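Below is one structure, written out as C-alpha cells; the observations come after it.
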Amino acid sequence: MRLIAANWKMHKTVSETQDYIKRFLKFVEHPESREILLCPPFTSLYVAGQLLEGSGVKLGAQNCHYEKQGAFTGEVSIPMLKELGCEYVIVGHSERRHIFGESDELINKKVVACLEEGIRPILCVGEKLEDREAGMTFKVVEAQVRLALSGVEEHTDSIDIAYEPVWAIGTGVPATPEDAVAVHRFIKEVLKDINPKARGKTRILYGGSVKPHNAPEFMKHSEIEGLLVGGASLDPEAFAQIVYSF
C-alpha cells in the first residue's frame, strides 16, 4: 500500500494541530485504501494521537534519539514516541543533516534504534545541487543508504526510504517524475544488493516540492510508492487532495 506522509516541520501549535486534524478528517474517506501519516512537531504528538485514534490515519514523529533514556537534554526517545501512538519516525531528513550536522553514523544509530524498538523509520536520502551538477547523484544516494543500513541489512523490509533531492525541498522546483523514477529504481537495486532475501516491502517515497497539482504526475509511476510532503501538507484540504490524487 502506498504511503502518503505529511512532515509539518516546525509548524503548528497544539491548538492549530487540533483544528487541522478535525478539518482533515472530514476529507478522509476510506483511509484503508492508502496509508496516511501525519508527522506533527513533538509538542503536538499527544493531542494528535488522541484525535487520530480510530481514524485509520497513522501518527509519526519527525526525529528521535537513539538511546532509550539518559542525560540528553532536549531529546526525545523512541519509547516516549511509542507511548504517544507513533508508528513511524522520519530519520536523516536533509534539514537534520545539513542544518543540524547529523552524520551518517548518527543516522545509522537512529535507524538501528527504531528497528530494535519496533517503530518503522522513514530514512531520508538525497543529493545537493552541487552533487547533481557533478553527476554524483547515484553515488551520494547509495552511500547514504548503505551507511544508514549498516549492520541491519537483513531488516530492509522494516523500513521505508524517502528520496528527497535537497535542491528541490521548499524551492517550488521539484525533480521531474522521470528523474525521481530513475533514482527510485536505483535505490531498489541497491536494496537488492544489500539484502537479496528481501521481500520488497521497502517503499520508496518521493519528497521535494510536492503539490496538489503535480502529485498525480509522480503517483502515476509504479516506482514511486508514496510521497513525503512538506509545505503543502500544512493545509488540510491541500494535503487531502494529494492523498487522493491517485
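G85 sits among other residues whose Cβ lies under 10 Å from its own Cβ, and their net charge, with Lys and Arg +1 and Asp and Glu -1, is -1. Under conditions of 4 °C and 1.567 mPa s, region 1-138 yields 81 µm² s⁻¹ as its translational diffusion coefficient, taking Rh as the Kirkwood radius over Cα pairs in the Stokes-Einstein equation.
If you sort the three axes of the alpha carbon gyration tensor as a ≥ b ≥ c, you get a/c of 1.5 or more for region 4-79 and a/b above b/c, which makes it prolate.
Among L227, L51, L81, the residue with the largest mean-square fluctuation in a Gaussian network model of the chain, with springs joining Cα atoms closer than 10 Å, is L51. Taking the DSSP beta bridges with both ends in the chain, the antiparallel portion is around 0 percent.
For a footprinting-style exposure proxy, rank Y66, Y244, Y20 by other Cβ within 10 Å, fewest first. Could you put the intermediate results ahead of the total?
Numbers: Y66 20, Y244 17, Y20 24.
The most exposed by this proxy come first: Y244, Y66, Y20.
Using bins of 10 Å that start at zero, the share of Cα-Cα pairs per bin across region 115-246 amounts to 13, 43, 33, 11, 0, in whole %.
Over all distinct Cα pairs, what is the inverse of the mean 1/r for the chain, reported as the Kirkwood hydrodynamic radius in Å?
Answer for the chain: a Kirkwood hydrodynamic radius of 18.0 Å.
Seen through its C-alpha gyration tensor, with square-root eigenvalues sorted a ≥ b ≥ c, region 177-246 comes out prolate because a/c lies at 1.5 or above while a/b is bigger than b/c.
Note on K197 and S103: the model spin-label points, each 7 Å out from Cα along the C-beta direction, lie 3.1 nm apart. Here the contact order of the chain, divided by its residue count and restricted to Cα pairs under 8 Å and six or more residues apart, works out to 20 percent. Taking the number of Cβ atoms within 10 Å of each Cβ as an exposure proxy, the fewest-first ranking of Y88, Y206 is Y88, Y206. What would the Debye formula give as log10 I(q)/I(0) at q = 0.13, 0.19, 0.20, 0.25 Å⁻¹ for the alpha-carbon point model of region 92-157, no solvent? The Debye formula, applied to the Cα set alone, gives -0.36, -0.73, -0.79, -1.11.
How would D157, D179 line up from fewest to most surrounding beta-carbon atoms within 10 angstrom? Don't skip to the end; give the middle numbers.
Values: D157 13, D179 17.
So the residues, fewest neighbours to most, are D157, D179.
Which of A162, A48, A71 moves most in a GNM of the chain, Cα contacts under 10 Å? Most flexible of the set in this elastic network: A71. Close amide-amide hydrogen proximity is noted between H65 and V76, S77, I78, each under 5 Å apart and 5 or more residues distant or on a separate chain (H modeled in the peptide plane; Pro and chain starts excluded). Taken as entire DSSP H runs, the helices of the chain that both span 15 Å or more between Cα atoms along their own long axis and average 0.5 or more on the Kyte-Doolittle scale are 137-148.
No lab work stands behind these numbers, since they all come straight from the coordinates. Remember, it's a predicted structure, so these values are computed and weren't measured experimentally. Ideal geometry is used to build each Cβ from the backbone, glycine not excepted, and the neighbour counts take in all protein chains shown.
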